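Before we start, here is the structure in question, set down as structure tokens.
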Amino acid sequence: MIQNKTIIGRPDLVRCTLCLDAPCDAACPAMSPAGLLRSIWFENEQGAVSRLPENNPCVGCQAPCEEKCVRPGEVKIKALIGRLYDEVKPETETEMPEDESRLACDLCGIPLENPFLLSSSVVASNYDMCARAFEAGWAGVCYKTICSMDIHEASPRFSAITGEGGSMIGFKNIEQLSDHSVKENMEIFRRLKEKYPSKVILASIMGQNEEEWGELARLCEENGADAVELNFSCPNMAEGGLGSDIGQVPELVERLTAAAKRACHIPVLAKLTPNVMSMGPAAEAAIRGGADGIAAINTIKSVTNVSIHTYVSSPAVRGRSAVGGYSGNAVKPIALRFIAELGQNEALIGKHITAMGGVETWKDALEYLLLGGGSIQVTTAVMQYGYRIIDDLKSGLNLYLKEKGFDHVKDVVGLGLDSLSASTDILERDTILFPKFIREKCIGCGRCMISCMDGGHQAISLDENRRPVLNGKKCVGCHLCILVCPQRAISSARKRIDRSKD
């Protein structure tokens, strides 16, 4: 049974640091607690179950793993593993597939072992990093944008919006392009292709004129790149007709795509900016210029964390800051909207879309596939958690495909497009889906009543036992109460009321 989006165990993990060489592993002779906790964290509980010993070794154990934890006693490892045995395992109906053949797909005809690539950024910026990513199981990399410009980075250059437990919800960077020379990067491509011939190298490039765009594309092909990604979208290189300045002008997108396409024989993808009202005009221009596919989205222009003492936003560089690119899980809803727009664009039928924007779990990736993405790129989650997240990305998606009866990952691409409209005018409005209170989980905090009173339709009150009571005559079925309940003690009722008969 596929897990719900909200994992019951994850709140218990907010104190887990997802350690490197976790001490809890060294303390346990029976299994890898750290790997199991990581799978729970990344919404792959069934994947964790597949790695459990037949019998629970925690029974009767004094939990030395919890004592050796870098936060002793704060992470209830024994209870979390017990929950896998007692609650998740009995409901797991499908065994983990023996191989990963279902994940095999392609990028513009280039075979991919699985749909997961590193996106163009610091996570794919030298030989060692790309090699370690390939060894970890990533199918390919989009190498950090190559240019002929002299790059000198600022320090610091990152800031973040954090959530419970300190994990990054949103991430801002003012980083620019590869600081290696073109010659150095070409040598890296040759070495990678020699050592990892089955892995895909997608070379991100940025030129300063048509000739340079073409020259970089040609060099990348000659030195082993499988495809080229044209960076028309970097928000940190937006002066002098570079970066997102190009992506906002369809005529430039078409002209420069054509220049790159004339210079090489490998697939060319245009990476587009989300800093527009609609991505369609630029995408269509790229296709007219000969693009074989589209990459989206790049980071969103942003300002974060303005200091109330210095009045400078983050990251502050000697008392100054700059608008930068925002990424991370917080941007996923915006990115999904753009991917859906591209997936529904008739001009892009048959063209590959490599999608990115806040992917952390296999479920995040699946959402992009359902809206038309053919491959998935990841950066911010890797910056926070490391290349190792590929294990749960692959196993979670692989198990889902088997459980749902799909033979290939390509079978799910676009399945969510038909039900999605750019306008709310098409939605049925004559029925109400009431909330349902789960009494045994309710703790009587009253949060549902507060939200309904001050942000809804005054349809919830509390009884003498501090339990919520619904006024069906006032409830409009907005489901705000479901979203704010800290105990997840409210669900959707099956009963609908037909308002058209009133």
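Across segment 330-343, in residue order, what do the Karplus-derived ³J(HN,Hα) couplings come to in whole Hz, using 6.51 cos²θ - 1.76 cosθ + 1.60 with θ = phi - 60° and x for Gly and Pro?
Ordered by residue, 3J(HN,Hα) equals 5, 8, 4, x, 5, 5, 4, 4, 5, 5, 5, 4, 5, x Hz.
Once both axes come from the Cα atoms, what is the angle between helix 182-195 and the longest principal axis of the chain, in degrees from 0 to 90, rounded to 10?
The angle comes out at about 60 degrees.
Leaving out same-chain residues fewer than 8 places away, which lysines sit with a Cα under 25 Å from that of Lys172?
Within the straight-line cut-off, Lys172 pairs with Lys144, Lys271, Lys301, Lys332, Lys363.
If you stretched the chain out fully between Leu427 and Arg71, how much longer would it get, using 0.36 nm times the residue separation minus the C-alpha to C-alpha distance? Before the final figure, lay out each step's value.
Working: separation 356, 0.36 × 356 = 128.16 nm, distance 4.91 nm.
In short, 123.3 nm is gained.
Also, quick follow-up: Count the DSSP beta bridges whose two residues both fall in segment 165-318, then state the antiparallel fraction as a percent rounded to the nearest 5. Show your work: numbers first, answer last.
Values: 1 of 12 bridges.
Close to 10 percent.
Extent of segment 328-380 along each principal axis, from alpha carbon coordinates, in Å, largest to smallest?
30, 17, 16
At most 11 other Cβ atoms within 10 Å and a DSSP loop assignment: could you name the GluC sites (Glu not before Pro) in segment 327-432 that fit?
Values: sites: Glu341, Glu346, Glu360, Glu367, Glu403, Glu428; in loops: Glu360, Glu428.
Of the GluC sites (Glu not before Pro), the ones in loops of segment 327-432 whose Cβ has at most 11 other Cβ atoms within 10 Å are Glu428.
On the principal axes of its Cα set, how long, how wide and how thick is segment 350-502? Give whole Å, largest value first.
Taking max minus min along each principal axis of the Cα atoms, segment 350-502 gives 54, 38, 28 Å.
Loop by DSSP (not H, G, I, E, B), at most 16 other beta-carbon atoms within 10 Å: where is the longest site-free stretch of the chain for chymotrypsin sites (Phe, Trp or Tyr not before Pro)?
Segment 1-310 is the longest.
Related question: In the structure displayed, which of Lys261/Lys410; Lys351/Lys410; Lys436/Lys473 lie more than 18 Å apart, Cα to Cα? Could you put the intermediate results ahead of the total?
Details: Lys261/Lys410 26 Å; Lys351/Lys410 13 Å; Lys436/Lys473 15 Å.
Table pairs above 18 Å Cα-Cα are Lys261/Lys410.
Output the antiparallel fraction of DSSP beta bridges having both residues in the chain, as a percent to the nearest 5.
Values: 25 of 53 bridges.
If I count the DSSP bridges inside the chain, around 45 percent turn out antiparallel.
Once every DSSP H run of n ≥ 4 in the chain is given -39500 (n - 2.57) and the sum is divided by its residues, what mean residue ellipticity at 222 nm do you get, rounded to the nearest 500 deg cm²/dmol?
Details: 17 runs with 151 residues, N = 502.
It lands at -8500 deg cm²/dmol.
Which ³J(HN,Hα) values, rounded to whole Hz and listed in residue order, are derived for segment 253-265 from phi using the Karplus coefficients 6.51, -1.76 and 1.60 in 6.51 cos²θ - 1.76 cosθ + 1.60 with θ = phi - 60°, glycine and proline given as x?
In residue order, the calculated couplings are 4, 5, 5, 6, 4, 4, 5, 5, 5, 5, 8, 9, 10 Hz.
Under the classification rounded if a/c is under 1.5, otherwise prolate if a/b is larger than b/c and oblate if not, where does segment 101-412 fall, given a ≥ b ≥ c as square roots of the Cα gyration tensor eigenvalues?
rounded
Cα-based Rg of segment 236-371 per 2.2 N^0.38 Å, rounded to two decimals?
Numbers: Rg = 16.6 Å, N = 136, 2.2 N^0.38 = 14.2 Å.
Rounded to two decimals, the normalised Rg is 1.17.
Pick out, in residue order, every one of the GluC sites (Glu not before Pro) in segment 134-183 that is DSSP loop and has at most 16 other C-beta atoms within 10 Å; say none if there are none. Please report the intermediate quantities before stating the final value.
On the way: sites: Glu135, Glu153, Glu164, Glu175; in loops: Glu153, Glu175.
For GluC sites (Glu not before Pro) across segment 134-183 that sit outside H, G, I, E and B with at most 16 neighbouring Cβ atoms in 10 Å, the list reads Glu153.
Continuing with the same structure: Above 16 Å lies some portion of the pair distances; for segment 428-501, what is it as a whole percent of all C-alpha pairs? Intermediate results must be reported in sequence, preceding the final value.
On the way: 1185 of 2701 pairs.
The answer is 44 percent, as a whole percent.
Long-range amide H contacts for Cys475: which residues qualify at under 5 Å (H placed 1.01 Å from N, peptide plane, sequence gap of 5 or more or a different chain)?
Here the answer is none, since no amide H 5 or more places off falls under 5 Å of that of Cys475.
State the Cα centre-to-centre distance between segment 25-86 and segment 310-358 in whole Å.
36
Figure the gain on full extension for Ile482 and Ile151 (residue separation times 0.36 nm, minus the Cα-Cα span) and round it to one decimal in nm. Intermediate values should be presented prior to the final figure.
Details: separation 331, 0.36 × 331 = 119.16 nm, distance 4.88 nm.
Contour length minus Cα-Cα distance gives 114.3 nm.
Also: By count of other Cβ within 10 Å, fewest leading, how are Asp86, Asp418 ordered?
Details: Asp86 11, Asp418 8.
With the sparsest Cβ surroundings first, the list reads Asp418, Asp86.
P(r) tail for segment 10-91, what percent of Cα pairs lie past 15 Å? Show your work: numbers first, answer last.
On the way: 1661 of 3321 pairs.
Of all Cα-Cα pairs in segment 10-91, 50 percent lie more than 15 Å apart.
Right, something else. Under a 5 Å amide H to amide H cut-off, with H placed in plane at 1.01 Å, what residues pair with Thr145 once short-range neighbours are removed?
Ser121, Ser178
For the chain, what does the relative contact order come out to in percent, with C-alpha contacts under 8 Å and a separation of six or more?
Numbers: 1005 pairs, mean separation 63.6, N = 502.
This gives 13 percent for the chain.
Can I ask one more? If I stretch the segment between Lys410 and Lys195 completely, what's the gain in nm (0.36 nm per residue apart, minus their alpha carbon distance), one decimal?
Working: separation 215, 0.36 × 215 = 77.40 nm, distance 2.79 nm.
Extra length from Lys410 to Lys195 when fully extended: 74.6 nm.
Can you tell me which aspartates and glutamates have their Cα less than 16 Å from the Cα of Lys183? Leave out same-chain residues fewer than eight positions away.
Of all the aspartates and glutamates, those that pass the test against Lys183 - Cα under 16 Å, at least 8 places apart if same chain - are Asp150, Glu212, Glu215, Glu221, Glu222.
Let me ask another. Calculate I(q)/I(0) for segment 182-294 by the Debye formula, one identical point scatterer on each C-alpha and no solvent, and give its log10 at q = 0.22 Å⁻¹ to two decimals.
For segment 182-294 at q = 0.22 Å⁻¹, log10 I(q)/I(0) is -1.12.
On to the next question. Mean projection of the alpha-carbon convex hull of segment 444-483 over all orientations, in nm²? Write out the running numbers ahead of the final one.
Values: hull surface 10.0 nm².
So the Cα hull casts an average projection of 2.5 nm².
Can you sort Leu272, Leu20 so the residue with the fewest Cβ neighbours within 10 Å comes first? Mind dumping the intermediate values first?
Details: Leu272 31, Leu20 8.
Going from least to most buried by this count: Leu20, Leu272.
Give the residue list of GluC sites (Glu not before Pro) in segment 37-86 that are DSSP loop and have at most 15 other beta-carbon atoms within 10 angstrom.
Working: sites: Glu43, Glu45, Glu54, Glu66, Glu67, Glu74; in loops: Glu43, Glu54, Glu74.
Answer in residue order: Glu54, Glu74.
None of the figures in this text is laboratory data; all of them are computed from the coordinates on show. Only a predicted model underlies this, so the values are computations on that prediction, with no experimental measurement involved. In this analysis, Cβ positions are derived from the backbone assuming ideal geometry, glycine residues included, and neighbour counts consider all displayed protein chains.
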